[in-house]
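Values quoted throughout were computed directly from the atomic coordinates according to the rules given, and no laboratory measurement underlies them. Being a predicted model, the structure only gives us computed values, none of them experimental. For neighbour counting, all protein chains shown are included, and Cβ atoms are generated from backbone atoms with ideal geometry for every residue, glycine included.
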Amino acid sequence: MCEGAFATLNRVLTIVSTCCDQATCAEIKKLADRVALYRIDKEIVLNASDFGVPQNRIRVVFIGCRNDQELITHIPGAVPDGQKVTVAEAIGDLNYIGIGDHQLTYSKEFWDKFTHSPEGSVRRAVDGTPQALAGAKPCLTYAEWSKRGRLDARRFPALKDHPPAYTAANAAEEMPKCKKQYAELHNHETSKHNEEVQNRYALIRQYGDYAVAKSKEPQNPLLQTNKRNYTCLRADRPSTTIVTLGDDFTHYGANRSLTVREMARLQSFDDSFVFQGKRTTGGDRRKLETPQYTQVGNAVPPLMARAIASEILKKIK
């Protein structure tokens, strides 16, 4: 039964329930269950941070279950309140990049320093479960999971045998003209912020919030900008919802916006997942291209998708 028909059937049942006695309603509902190909109990409200994603991203999910299958009404989270993956856990090892810089390798020196920091020492299971609650599950830091990969290497052997590849192509027909670039790290490139923009980011970081900065220094020319929103990330908590514009976010530890790779980490993508095409684009080009930031911001966080899929697999008979 299509979604529209299902909605119509529910509407009919609602009307019937106001007109018929209890016994008649029960019989009609039994008949409706046999007619409908699937059932939906109600909407399920999910927060990505409950599933190991370092981001408070609220989404409403509907799961239709075939009549001969158990109804799914809940997706259990793996991460308790107060133990969510933080921004610093997720991207703290990547902050060795400069302004207008493009890094294709990890920094071993910076990595070693990060792994000895409090945020770089928190170990979790692949689904974000804190080590103390993970039992026998293997545990790594969030950054280690991102570098090594959360996917089963036995199912995806090519990830181990070949380094990730990037191409500037936006469509298959463009591939012959665009060379592939192989490297251990992709999509980690910063914008060429001028001094004024860097000083603006510094001011926002000083107050921890763009709106607070404007209220404290309403005449500061650094805040006289057409851009209406900046979100200053907090190192010690999950990020707010990741959107499609990288310069909407101020890095917690640097006077700059986020790279595509940093935003992908906050969405829980492994580093082996490469976003192709241009970093940004605008105007009429948006009709033909989907820039990397948009690809990341519009995606379903993989760890949340993993949790949903795992629950469905448990219930399928």
Study note, to complete from the structure: the chain, Gaussian network, Cα under 10 Å: of Arg256, Arg57, Arg154, the residue fluctuating most is Arg154
Study note, to complete from the structure: Once Thr241 and Arg59 are pulled to full extension, the length gained, defined as 0.36 nm per residue separation minus their Cα-Cα distance, is 64.5 nm
Revision key, fill the gap. Percent relative contact order for the chain, counting Cα pairs under 8 Å at least six residues apart, stands at 20
Check your understanding: In whole Hz, what ³J(HN,Hα) sequence does the range 290-298 give by Karplus (6.51, -1.76, 1.60; θ = phi - 60°), x for Gly and Pro?
Key -> 10, x, 4, 4, 5, 4, 5, x, 8
Review point. With the calculation restricted to Cα positions, what are the radius of gyration and Dmax of the range 168-213 in angstrom?
Key: 18.3, 50
Review point. Going by how many other Cβ atoms sit within 10 Å of their own, how do Asp161, Asp93, Asp271 line up, fewest first?
Key: Asp161, Asp271, Asp93
Check your understanding: Can you list residues whose amide H is under 5 Å from Ala169's amide H, if they're 5+ apart or on another chain and H is modeled 1.01 Å from N?
Key -> Gly277
**Study point:** Net length gained if the chain between Asp152 and Leu313 were fully extended (0.36 nm per residue, minus Cα distance)
**Key:** 56.3 nm
Revision key, fill the gap. Dividing the helical contributions, -39500 (n - 2.57) per DSSP H run of n ≥ 4, by the residues of the chain yields a 222 nm value, nearest 500 deg cm²/dmol, of -9500 deg cm²/dmol
**Study point:** Cleavage-rule hits (trypsin sites (Lys or Arg not before Pro)) in the range 165-222: DSSP loop, at most 16 neighbouring Cβ within 10 angstrom
**Key:** Lys179, Lys180, Lys192
Exercise for review: Given the options Gly77, Gly297, Gly283, state which has the largest fluctuation in a GNM of the chain using a 10 Å cut-off (strictly under) for Cα springs.
Suggested key: Gly283
Review point. Semi-axes, largest first, in whole Å: what does sqrt of 5 times each Cα gyration tensor eigenvalue give for the range 21-100?
Key: 44, 13, 10
Revision key, fill the gap. GNM on the chain, Cα springs under 10 Å; top mean-square fluctuation among Gln55, Gln224, Gln206 goes to Gln224
Check your understanding: Of all the stretches in the chain, which is the longest one without any exposed loop site, taking GluC sites (Glu not before Pro) in a DSSP loop (any state but H, G, I, E, B) with at most 13 other Cβ atoms within 10 Å?
Key -> 185-317
Review point. Cα-Cα over 30 Å: which of Lys84/Lys108; Lys84/Lys180; Lys84/Lys113; Lys108/Lys180?
Key: Lys84/Lys180
Point to revise | Normalised convex hull volume, the range 137-229, alpha-carbon set, Å³ per residue | key: 203
Check your understanding: Which of the DSSP-defined H helices in the chain satisfy a minimum axial length of 15 Å, computed from C-alpha atoms, and a minimum mean Kyte-Doolittle hydropathy of 0.0?
Key -> 3-19, 302-315
Practice item. Can you tell me the dipole magnitude for the range 175-317 around its Cα centre, using point charges on the Cβ only (Lys, Arg +1; Asp, Glu -1), in Debye to the nearest 20? Key: 480
**Study point:** For Ser239, residues with placed amide H under 5 Å, excluding near neighbours
**Key:** Gln55, Asn56, Val87
Point to revise | Amide hydrogen neighbours beyond the local backbone of Phe249, cut-off 5 Å, H modeled | key: Thr231, Leu258
Check your understanding: What relative contact order, as a whole-number percentage, does the range 210-317 give when Cα pairs under 8 Å and 6 or more residues apart are counted?
Key -> 21
Practice item. Along each of the three principal axes of the Cα atoms of the chain, give the extent in whole Å, ordering the values from largest to smallest. Key: 74, 54, 50
Point to revise | Residues Asp68 and Leu104, FRET efficiency given R0 of 51 Å [Cβ-Cβ distance, rounded to 0.05] | key: 0.50
